[in-house]
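Read-outs: derived from the displayed coordinates by stated rules, not from any lab. This is a predicted model, so every value here is computed, not measured. All Cβ positions, even for glycine, are placed from backbone atoms using ideal geometry, and neighbour counts span all protein chains on display.
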Amino acid sequence: MYIPLFVIPMKKISIIGIGNVGRGLGEIWLEKGHEIRYDLRNEQNPAFLKLKEKYPFKVHGRPVNEVSDYSDILVLAVPYSSIEEIIPQLGDLSNKIIIDCANPVQPKLAGLSVGLSTSAAEEIARLAPKAHVVKAFNSVGMGNLNNLIFNGITADAFLCGDDERSKSVVGELAKDLGFNVVDVGPLTQARYLEPLAMLWISMAYQQGYGQEIAFKLLTK
Ligand SMILES: NC(=O)c1ccc[n+]([C@@H]2O[C@H](COP(=O)([O-])OP(=O)(O)OC[C@H]3O[C@@H](n4cnc5c(N)ncnc54)[C@H](OP(=O)(O)O)[C@@H]3O)[C@@H](O)[C@H]2O)c1
């Protein structure tokens with residue numbers, strides 16, 4: 001009988017949305033042994049049905065609804081413009097870890113709709129004051145998740161938040177995805193992480209660098 005030498009502790013993760021971000025993160029976390037429940041507008045979503053077929057016992061789905069005791073970790077993988085509508089539907093978020101990937105990008109990539117004196121992440125924390133919001137996975141295109149090594153260098157996941165334990169949980173999930181983790185400080189740092197994502201977006205889509213790019217913190 002095969003006995004693994006070590007086992008990654010399995011986590012149950014709720015993901016709201018199954019677009020580029022929800023599907024990308026979910027697929028790799030499933031490969032790593034975690035269990036995912038998707039909260040969806042449409043349970044017949046083809047990406048969801050495909051994942052459900054591949055991992056019948058590890059993927060669950062249901063309409064966006066109150067978070068139950070299913071998971072303490074919740075990923076908002078939806079457009080920022082929908083968040084004000086979604087958060088009240090999630091019920092009691094006390095002590096839940098909310099991973100916020102959203103970038104408040106204006107239509108036609110015309111810039112950010114929120115910024116500098118606040119951030120999408122801080123606005124989410126205001127809507128869910130009893131939760132622990134961690135900003136993460138917002139500053140790299142999800143198309144890179146299947147290979148985060150760039151010419152031998154591992155891409156960084158920059159994350160910020162006010163609760164150290166929550167950041168450590170999200171940091172472990174980031175390592176499962178293959179990132180090197182850089183904790184950039186408290187949640188107010190999202191004011192700078194969101195413009196960093198806007199820089200990624202404009203470089204990838206408007207300045208000709210393409211999507212296979214990522215940012216890296218160099219230290220001496
Ligand atoms: N794409 C990237 O590479 C990337 C990278 C970093 C961060 N982000 C950020 O991550 C977020 C998600 O991006 P994405 O590319 O995954 O977007 P996407 O492909 O457009 O997917 C958005 C998902 O949100 C769901 N949704 C939209 N409005 C909703 C509502 N009112 N209630 C419930 N679900 C709703 C959609 O549901 P339906 O399937 O029913 O339409 C879809 O599943 C955005 O804020 C984006 O700025 C994106």
- Query: Could you list, in sequence order, the residues of segment 166-187 that are of a type in the set (Gly, Ala, Ser) and either in contact (Cβ under 8 Å) with a residue 12 or more places away in the chain or crowded, with 18+ Cβ neighbours inside 10 Å (or both)?
  - Reply: SER166, GLY171, ALA174, GLY178, GLY185
- Residues in segment 101-114 that are away from the ligand (no atom under 12 Å from the Cβ) and on the phi > 0 side of the Ramachandran plot: how many? 2
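Residues checked against (1) surrounded by 13 or more Cβ atoms within 10 Å (Cβ to Cβ); (2) away from the ligand (no atom under 12 Å from the Cβ); (3) free of Cβ contacts under 8 Å to residues at least 40 places away in the same chain:
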position: GLN44; (1), (2), (3): no, no, yes
position: GLU66; (1), (2), (3): no, yes, yes
position: TYR70; (1), (2), (3): yes, yes, no
position: PRO88; (1), (2), (3): no, no, yes
position: ILE99; (1), (2), (3): yes, no, no
position: ASN151; (1), (2), (3): no, yes, yes
- Can ALA204 be described as in contact (Cβ under 8 Å) with a residue 60 or more places away in the chain, farther than 24 Å from GLY171 by Cβ and surrounded by 15 or more Cβ atoms within 10 Å (Cβ to Cβ)? yes
- Query: Looking at segment 46-63, which of the residues that are in contact with a helix residue (DSSP H, G or I) (Cβ under 6 Å, 6 or more places away or on another chain) and surrounded by fewer than 18 Cβ atoms within 10 Å (Cβ to Cβ) is farthest from GLU123 (Cα to Cα)?
  - Reply: TYR55
